[in-house]
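Take a look at the structure below.
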Amino acid sequence: MKNSSYEVVVIGAGPAGYVCAIRCAQLGMKVACADQWSDKNNKPSPGGTCLNVGCIPSKALLDSSHHYSFFAQEAKQHGLKCEQLTVDVAKMQQRKDKVVKTLTTGVKGLLKKNGIDLLHGTASIKNRNLISIAGPDKTSEIKTEKIIIATGSKPFELGFLPVDQQSIVDSTGALELGQVPARLGVIGAGVIGLEMASIWNRLGADVTIWEAEQQFLPLVDRDIAAQASKLLAKQGIKIVLDCKVKQAEKNADEIVVHVTDSEGDSTTIVDCLLVAVGRVANTENLGLEQIGVAVDERGFVEVNEDWQTNVTGIYAIGDVIGGAMLAHKGSEEGVALAEKLAGQSGHVNYNAIPWVIYTWPEIAWTGQTEETLRSQGINYNVGTFPFMALGRARAMGDVDGLIKLVADAENDRLLGAHIIGPNASELIAEAVVAIEAELTAEDLARTIHGHPTLAEGLHEAALALDNRAIHI
Ligand code: FAD
Ligand code: NAI
């Protein structure tokens with residue numbers, strides 16, 4: 001039997017909301033977490049975008065397609081012959097769905113273990129202490145002392161291009177395709193565009209990406225972005241920059257895409273078109289206007305440094321407040337907010353967030369880029385090391401890419417790390433710890449790294465900052 005009165009109600013069980021709810025419960029609060037996500041049987045499916053249609057299913061398909069491309073293209077060099085390699089998309093999707101189900105069931109278990117009531121339904125805030133939850137069977141009202149909004153984000157839609165999740169899809173539809181499209185068009189060369197392009201290109205789709213910006217991956221270090229552009233082109237992904245998709249017509253079994261770029265107007269025919277042009281805050285029907293919670297001009301909920309909105313007792317975390325739209329950023333905000341509510345000193349270091357783009361090679365970075373340091377007038381030194389000079393990368397057969405470390409010229413503090421290479425997603429963690437702990441490049445240079453490992457590249461890049469790299 002669910003209670004009808006709580007100390008804290010978290011709206012949204014994504015990585016921001018469910019983690020916050022668990023930390024609140026660990027700190028002794030009486031907590032409920034409301035979430036509207038349903039599985040195929042109309043049962044609750046906590047985990048938010050991340051577990052249901054984001055991080056996890058995309059990485060499941062990225063891993064499956066990576067294995068396929070290994071067997072299709074590289075296995076021969078390892079002396080492995082695979083003569084009848086085929087793609088079974090239905091099976092691949094079943095595996096992905098099973099991974100999602102296992103993890104969402106796991107979150108249900110974690111909530112239960114921590115004594116948190118999972119309330120299945122769409123929440124709307126009636127007043128500071130009252131929330132209505134419209135569930136599949138009935139609507140109920142619950143009282144609470146504090147409300148935490150963690151309702152996440154949803155894909156931004158282009159007005160002229162309604163998504164049907166069949167042949168014109170957003171990221172959710174792109175994760176559900178039942179077959180490999182012969183020709184895939186992608187609008188937006190951001191994180192989602194590149195990851196989805198990688199999945200379907202590896203499995204055989206002919207992929208074209210149209211990007212409005214002149215620069216490819218403008219937030220990424222310039223050397224890393226240049227390498228990424230070259231390597232993705234080598235894989236057969238066409239990326240057209242500085243262009244505009246003006247219109248697209250859906251015919252019986254194909255889509256005609258009208259594009260304008262510096263060379264004029266052109267049309268391209270595709271079988272599937274993915275719209276991946278960013279995400280917007282999910283605040284629909286939450287009742288924010290009614291109770292006066294302020295949102296910014298882009299619709300993100302405004303909060304102060306304690307994640308408090310302008311209405312006393314109402315807080316917000318995760319994608320719904322904008323900034324880095326990343327699962328781990330939301331989770332850390334959830335932990336820090338719970339600790340603040342318990343009178344502790346929760347803290348999030350927004351300067352030490354790892355970013356990863358799961359292309360292959362992977363792209364990962366943290367801290368400052370050379371560009372941001374130059375704009376702040378900070379003097380810095382750079383050390384780089386290529387993967388091709390690493391024994392482990394050679395043994396793996398993954399030699400593309402480099403590691404770049406940036407350190408303060410005055411005190412040698414590590415300010416940024418930028419990687420394109422195999423397992424960059426894992427390697428970046430060392431640099432995040434170093435920045436969080438305010439270590440110097442010399443600290444990394446004097447730390448013993450196992451041999452042969454890819455992490456030796458970080459060691460060598462740190463040595464290179466002082467012109468004493470050994471293996472280059
Ligand atoms: P969400 O995960 O969006 O969760 C919000 C929850 O609130 C949802 O369950 C929703 O149903 C619920 N909700 C909304 N409104 C209501 C309401 N009124 N009542 C009840 N419930 C409500 N990030 C990474 O860090 N790494 C990745 O590899 C990665 N890959 C991604 C791949 C894709 C394809 C996408 C789309 C995103 C990816 N992200 C990734 C981003 C990541 O998914 C988000 O940053 C993260 O999920 C945000 O967490 P959140 O808890 O703030 O919101
Ligand atoms: P994004 O902001 O990363 O990229 C959107 C791209 O679309 C931008 O490059 C933008 O210039 C371009 N664009 C916008 N309008 C356009 C138009 N009309 N025509 C052509 N191009 C246009 O957003 P994306 O890829 O949708 O991802 C949303 C968020 O989800 C990301 O910011 C990221 O935080 C999160 N995410 C994280 C992942 C990870 O951590 N690996 C994976 C996937 C998503």
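Arg23 satisfies every condition listed in (1) free of Cβ contacts under 8 Å to residues at least 24 places away in the same chain; (2) in a helix (DSSP H, G or I); (3) among the basic types (Lys, Arg) except (1).
Take the residues in the stretch 41-53 that are farther than 23 Å from Trp355 by Cβ and within 15 Å of ligand 1 (Cβ to nearest atom), then tell me which one is surrounded by the most Cβ atoms within 10 Å (Cβ to Cβ). For the stretch 41-53, the residue satisfying everything is Pro46. When both residues are 6+ apart or on different chains and their Cβ atoms are under 8 Å apart, which pairs have a first residue that lies in the stretch 232-246 and is not assigned by TED's automatic domain parsing to the domain that holds Leu217, and a second that is at pLDDT below 95? Pairs that qualify, where the first residue is not assigned by TED's automatic domain parsing to the domain that holds Leu217 and the partner is at pLDDT below 95: there are none.
Please verify whether His328 is within 23 Å of the chain's Cα centre (by Cα) and in a helix (DSSP H, G or I), treating the condition exactly as stated.
Working: within 23 Å of the chain's Cα centre (by Cα): yes; in a helix (DSSP H, G or I): yes.
Considered against the rule, which asks whether it is within 23 Å of the chain's Cα centre (by Cα) and in a helix (DSSP H, G or I), His328 comes out as yes.
Considering only the stretch 43-134, give the helices (runs of 4 or more DSSP H) lying wholly within it that have at least 1 residues that are among the basic types (Lys, Arg) and within 23 Å of the chain's Cα centre (by Cα). Reasoning before the result, please.
Working: elements: 48-53, 55-69, 89-113.
Counting at least 1 such residues, we get 55-69, 89-113.
Within 20 Å of the chain's Cα centre (by Cα) and closer than 24 Å to Ala342 by Cβ: does that describe Ala150?
Spelling it out, Ala150 is indeed within 20 Å of the chain's Cα centre (by Cα) and closer than 24 Å to Ala342 by Cβ.
The residues of the stretch 279-300 that are within 30 Å of Ile357 (Cα to Cα) and more than 10 Å from ligand 1 (Cβ to nearest atom), listed by number, are Val280, Val295, Asp296, Glu297, Arg298, Gly299, Phe300.
Taken over the stretch 112-145, the criterion of being in contact with a Phe, Trp or Tyr (Cβ under 8 Å, 6 or more places away or on another chain) and away from ligand 1 (no atom under 16 Å from the Cβ) is satisfied by Lys143, Glu145.
Based on what the data block shows, is Leu326 free of Cβ contacts under 8 Å to residues at least 40 places away in the same chain, out of contact with any His (no Cβ under 8 Å at 6 or more places or on another chain), closer than 20 Å to Asp35 by Cα and assigned by TED's automatic domain parsing to the domain that holds Ile11? So Leu326 fits the description; yes. Note on the stretch 391-407: residues that are crowded, with 19+ Cβ neighbours inside 10 Å and closer than 23 Å to Ser69 by Cα amount to 4.
Look through the stretch 150-160, keep the residues that are more than 9 Å from ligand 2 (Cβ to nearest atom) and open to solvent by less than 60 Å² (accessible area, probe 1.4 Å), and return whichever of them is nearest to Gly193 (Cα to Cα). Don't jump to the end; show me each part of the working.
Within the stretch 150-160, the first condition is being more than 9 Å from ligand 2 (Cβ to nearest atom), and the residues that meet it are 150-152, 154, 157, 159-160.
Then keep just the ones that are open to solvent by less than 60 Å² (accessible area, probe 1.4 Å); that gives 150-152.
Working: Ala150: 25, Thr151: 23, Gly152: 19 Å.
Taking the candidates together, the pick is Gly152.
Answer yes or no as to whether Gly421 is at pLDDT 95 or above, out of contact with any helix residue (DSSP H, G or I) (no Cβ under 6 Å at 6 or more places or on another chain) and within 28 Å of Leu80 (Cα to Cα).
Criteria not met by Gly421.
Evaluate the stretch 100-113: report whether one residue or more is within 16 Å of ligand 2 (Cβ to nearest atom), aliphatic (A, V, I, L, M), farther than 19 Å from Gly278 by Cα and crowded, with 19+ Cβ neighbours inside 10 Å. Within the stretch 100-113 (the criterion being within 16 Å of ligand 2 (Cβ to nearest atom), aliphatic (A, V, I, L, M), farther than 19 Å from Gly278 by Cα and crowded, with 19+ Cβ neighbours inside 10 Å), the answer is yes, since at least one residue qualifies.
Out of curiosity, is Val303 within 13 Å of ligand 1 (Cβ to nearest atom), buried (at least 20 other Cβ atoms within 10 Å of the Cβ) and not assigned by TED's automatic domain parsing to the domain that holds Phe387? Please lay out each step first, then the result.
Details: within 13 Å of ligand 1 (Cβ to nearest atom): yes; buried (at least 20 other Cβ atoms within 10 Å of the Cβ): yes; not assigned by TED's automatic domain parsing to the domain that holds Phe387: yes.
So Val303 fits the description; yes.
Here Ala342 meets the list (1) more than 13 Å from ligand 1 (Cβ to nearest atom); (2) surrounded by fewer than 21 Cβ atoms within 10 Å (Cβ to Cβ); (3) within 24 Å of the chain's Cα centre (by Cα) almost entirely, failing just condition (3). Residues in the stretch 54-89 that are among the small types (Gly, Ala, Ser) and either at pLDDT below 95 or over 22 Å from Tyr358 (Cα atoms) (or both): Gly79 alone. Scanning the stretch 354-383 for residues that are crowded, with 19+ Cβ neighbours inside 10 Å and either among the polar types (S, T, N, Q) or in a loop (DSSP other than H, G, I, E, B) (or both) turns up Pro354, Tyr358, Thr359, Trp360, Pro361, Thr366, Gln368, Thr369. Count of the stretch 280-300 residues, restricted to those that are surrounded by fewer than 20 Cβ atoms within 10 Å (Cβ to Cβ) and in contact (Cβ under 8 Å) with a residue 24 or more places away in the chain, is 7.
Which helices (runs of 4 or more DSSP H) does the stretch 164-265 wholly contain that include 3 or more residues that are open to solvent by less than 30 Å² (accessible area, probe 1.4 Å), of a type outside the set (Asp, Glu) and away from ligand 1 (no atom under 15 Å from the Cβ)?
Values: elements: 171-174, 191-202, 222-234.
Output list reads 222-234.
In the stretch 114-143, of all residues being closer than 13 Å to Ile11 by Cβ and free of Cβ contacts under 8 Å to residues at least 60 places away in the same chain, the one that is nearest to ligand 2 (Cβ to nearest atom) corresponds to Ala134.
A single member of Ile428, Ile472 is modelled with pLDDT under 95 and out of contact with any Cys (no Cβ under 8 Å at 6 or more places or on another chain), and it is Ile472.
Say we look at the stretch 422-472 and pick out the residues that are in the same structural domain as Trp360 (by TED's automatic domain parsing), β-branched (Val, Ile, Thr) and without any contact (Cβ under 8 Å) to a residue 24 or more places away in the chain; which of these is farthest from Ala352 (Cα to Cα)? That would be Ile448.
The values are calculated or read from the model by the stated rules, or taken from the named source; none is laboratory data. These figures come from a predicted structure and were not determined experimentally. Quick reminder, even Gly has a Cβ in these numbers, built from the backbone with ideal geometry, and neighbours come from all protein chains shown. SASA here: full protein model, heavy atoms, side chains in, ligands and nucleic acids out. Shrake-Rupley method; radii C 1.70, N 1.55, O 1.52, S 1.80 Å.
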